[in-house]
Amino acid sequence: MTTTWNKPLPSIVGETKPFWDSCRRGQLVIQYCAGCDEYQWYPRGICVDCWGENVQWVQSSGRGTVWTYTVTYQNRTTGFADMVPYVLALVELEEGVKMFTNIVDCNPRDVHIGMAVEVTFQTATPQITIPYFKPAG
(Lines give C-alpha, C1' and ligand atoms only; values in the text may rest on other atoms or scores of the structure.)
Protein backbone atom coordinates (compact mmCIF):
# COMPACT_ATOMS: atom_id res chain seq x y z
CA MET A 1 0.00 0.00 0.00
CA THR A 2 1.17 3.57 -0.68
CA THR A 3 0.12 6.70 1.20
CA THR A 4 1.58 10.03 2.21
CA TRP A 5 4.00 9.25 5.03
CA ASN A 6 4.05 11.63 8.00
CA LYS A 7 5.43 9.37 10.75
CA PRO A 8 9.04 9.16 11.96
CA LEU A 9 11.38 7.28 9.64
CA PRO A 10 13.82 4.57 10.72
CA SER A 11 17.56 5.18 10.78
CA ILE A 12 19.11 2.97 8.13
CA VAL A 13 22.66 2.33 9.27
CA GLY A 14 25.16 -0.48 9.70
CA GLU A 15 23.53 -3.70 10.79
CA THR A 16 19.99 -2.62 9.79
CA LYS A 17 20.74 -1.73 6.15
CA PRO A 18 20.23 -5.26 4.70
CA PHE A 19 16.85 -5.44 6.45
CA TRP A 20 15.61 -2.14 5.01
CA ASP A 21 17.03 -2.91 1.55
CA SER A 22 15.07 -6.19 1.56
CA CYS A 23 11.87 -4.48 2.71
CA ARG A 24 12.18 -2.10 -0.24
CA ARG A 25 12.18 -5.21 -2.48
CA GLY A 26 9.09 -6.59 -0.69
CA GLN A 27 10.98 -9.25 1.28
CA LEU A 28 11.06 -9.73 5.03
CA VAL A 29 14.47 -10.96 6.21
CA ILE A 30 15.78 -11.97 9.61
CA GLN A 31 19.16 -13.13 10.81
CA TYR A 32 20.24 -16.77 11.07
CA CYS A 33 23.33 -18.16 12.76
CA ALA A 34 24.82 -21.09 10.87
CA GLY A 35 27.03 -21.82 13.89
CA CYS A 36 24.20 -22.73 16.28
CA ASP A 37 21.20 -23.05 13.94
CA GLU A 38 19.24 -20.21 15.60
CA TYR A 39 17.30 -17.27 14.17
CA GLN A 40 17.42 -13.83 15.74
CA TRP A 41 15.72 -10.50 15.57
CA TYR A 42 16.65 -7.54 15.82
CA PRO A 43 19.78 -7.07 13.67
CA ARG A 44 23.12 -7.58 15.39
CA GLY A 45 26.70 -8.18 14.29
CA ILE A 46 27.00 -11.40 16.32
CA CYS A 47 24.75 -14.27 17.37
CA VAL A 48 23.05 -13.68 20.72
CA ASP A 49 22.91 -17.43 21.41
CA CYS A 50 26.48 -18.61 20.73
CA TRP A 51 28.27 -15.26 20.29
CA GLY A 52 29.49 -16.50 16.92
CA GLU A 53 30.09 -14.27 13.93
CA ASN A 54 28.52 -16.60 11.34
CA VAL A 55 25.30 -14.56 11.17
CA GLN A 56 23.61 -14.25 7.80
CA TRP A 57 20.42 -12.72 6.45
CA VAL A 58 17.72 -15.17 5.32
CA GLN A 59 14.26 -14.61 3.94
CA SER A 60 11.48 -15.15 6.46
CA SER A 61 8.25 -16.88 5.47
CA GLY A 62 6.54 -13.62 6.44
CA ARG A 63 3.93 -15.57 8.38
CA GLY A 64 3.35 -15.63 12.11
CA THR A 65 0.87 -15.26 14.94
CA VAL A 66 -0.05 -12.42 17.25
CA TRP A 67 1.78 -13.14 20.51
CA THR A 68 0.38 -10.12 22.35
CA TYR A 69 -1.05 -6.75 21.37
CA THR A 70 -2.56 -3.47 22.50
CA VAL A 71 -5.07 -1.19 20.82
CA THR A 72 -4.31 2.54 20.95
CA TYR A 73 -7.40 4.73 21.03
CA GLN A 74 -5.75 8.07 21.80
CA ASN A 75 -2.55 9.49 20.35
CA ARG A 76 -2.08 13.14 19.50
CA THR A 77 1.36 12.65 17.96
CA THR A 78 1.70 13.82 14.37
CA GLY A 79 1.37 10.87 12.04
CA PHE A 80 -0.42 8.71 14.58
CA ALA A 81 -3.43 10.83 15.56
CA ASP A 82 -5.16 10.08 12.26
CA MET A 83 -4.58 6.31 12.66
CA VAL A 84 -6.51 5.71 15.91
CA PRO A 85 -7.58 3.20 16.80
CA TYR A 86 -4.56 1.14 15.76
CA VAL A 87 -2.96 -2.10 16.90
CA LEU A 88 0.62 -2.45 18.12
CA ALA A 89 1.48 -6.15 18.31
CA LEU A 90 4.32 -8.48 19.08
CA VAL A 91 4.19 -11.05 16.28
CA GLU A 92 5.96 -14.38 16.59
CA LEU A 93 7.23 -15.39 13.16
CA GLU A 94 7.20 -19.02 12.04
CA GLU A 95 10.98 -18.98 12.49
CA GLY A 96 10.49 -18.33 16.22
CA VAL A 97 11.59 -14.71 16.56
CA LYS A 98 9.26 -11.96 17.79
CA MET A 99 8.88 -8.62 16.02
CA PHE A 100 6.98 -5.48 17.07
CA THR A 101 4.69 -4.22 14.33
CA ASN A 102 1.27 -2.79 13.57
CA ILE A 103 -1.61 -5.02 12.50
CA VAL A 104 -3.36 -3.41 9.52
CA ASP A 105 -6.19 -4.12 7.09
CA CYS A 106 -8.63 -5.27 9.76
CA ASN A 107 -10.84 -3.95 12.52
CA PRO A 108 -8.74 -3.64 15.71
CA ARG A 109 -11.55 -5.45 17.58
CA ASP A 110 -10.92 -8.53 15.43
CA VAL A 111 -7.27 -8.89 16.52
CA HIS A 112 -6.63 -11.62 19.08
CA ILE A 113 -3.74 -13.55 20.58
CA GLY A 114 -2.91 -16.48 18.33
CA MET A 115 -4.31 -14.76 15.22
CA ALA A 116 -2.53 -15.85 12.02
CA VAL A 117 -0.91 -12.91 10.22
CA GLU A 118 1.32 -12.28 7.21
CA VAL A 119 3.64 -9.48 6.23
CA THR A 120 2.57 -6.59 4.01
CA PHE A 121 4.58 -3.51 3.09
CA GLN A 122 3.90 0.22 2.96
CA THR A 123 6.12 2.60 1.01
CA ALA A 124 7.15 5.53 3.19
CA THR A 125 9.63 7.15 0.78
CA PRO A 126 11.25 5.92 -2.43
CA GLN A 127 14.09 4.57 -0.25
CA ILE A 128 12.13 3.25 2.75
CA THR A 129 9.44 0.59 2.88
CA ILE A 130 7.90 -0.37 6.23
CA PRO A 131 6.76 -3.93 7.05
CA TYR A 132 3.39 -4.38 8.75
CA PHE A 133 1.28 -7.46 9.32
CA LYS A 134 -2.29 -8.19 8.28
CA PRO A 135 -4.65 -11.11 8.84
CA ALA A 136 -3.42 -14.17 6.94
CA GLY A 137 -5.34 -15.33 3.93
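The figures follow:
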{"read-out": "Residue list for the range 80-96, filter: at pLDDT 95 or above, exposed (fewer than 15 other Cβ atoms within 10 Å of the Cβ) and more than 26 Å from Glu15 (Cβ to Cβ)", "value": "Pro85"}
{"read-out": "Cβ-Cβ under 8 Å pairs, at least 6 apart or on other chains, the range 40-52 side closer than 10 Å to Ile30 by Cα and touching a residue at least 12 places away in the same chain (Cβ under 8 Å), far side open to solvent by 60 Å² or more (accessible area, probe 1.4 Å) and outside any loop (DSSP other than H, G, I, E, B)", "value": "Trp41/Lys98; Pro43/Glu15"}
{"read-out": "Qualifying residues in the range 25-79 (those that are closer than 28 Å to His112 by Cα and of a type in the set (Lys, Arg)) - the one surrounded by the most Cβ atoms within 10 Å (Cβ to Cβ)", "value": "Arg63"}
{"read-out": "Met115, sole failed condition from (1) surrounded by 12 or more Cβ atoms within 10 Å (Cβ to Cβ); (2) touching a helix residue (DSSP H, G or I) at 6+ places or on another chain (Cβ under 6 Å)", "value": "(2)"}
{"read-out": "Single residue of Thr123, Thr65, Thr72, Thr77 found to be of a type in the set (S, T, N, Q), closer than 23 Å to Lys7 by Cα and in contact (Cβ under 8 Å) with a residue 40 or more places away in the chain", "value": "Thr123"}
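The values are calculated or read from the model by the stated rules, or taken from the named source; none is laboratory data. What you see is a predicted model, and the numbers here were worked out from it, not measured in a lab. Don't worry about glycine lacking a Cβ; one is built from the backbone with ideal geometry, like all the others, and counts go over all protein chains shown. Surface areas here come from the heavy atoms of the whole protein model, side chains and all, with no ligands, DNA or RNA. Shrake-Rupley method; radii C 1.70, N 1.55, O 1.52, S 1.80 Å.
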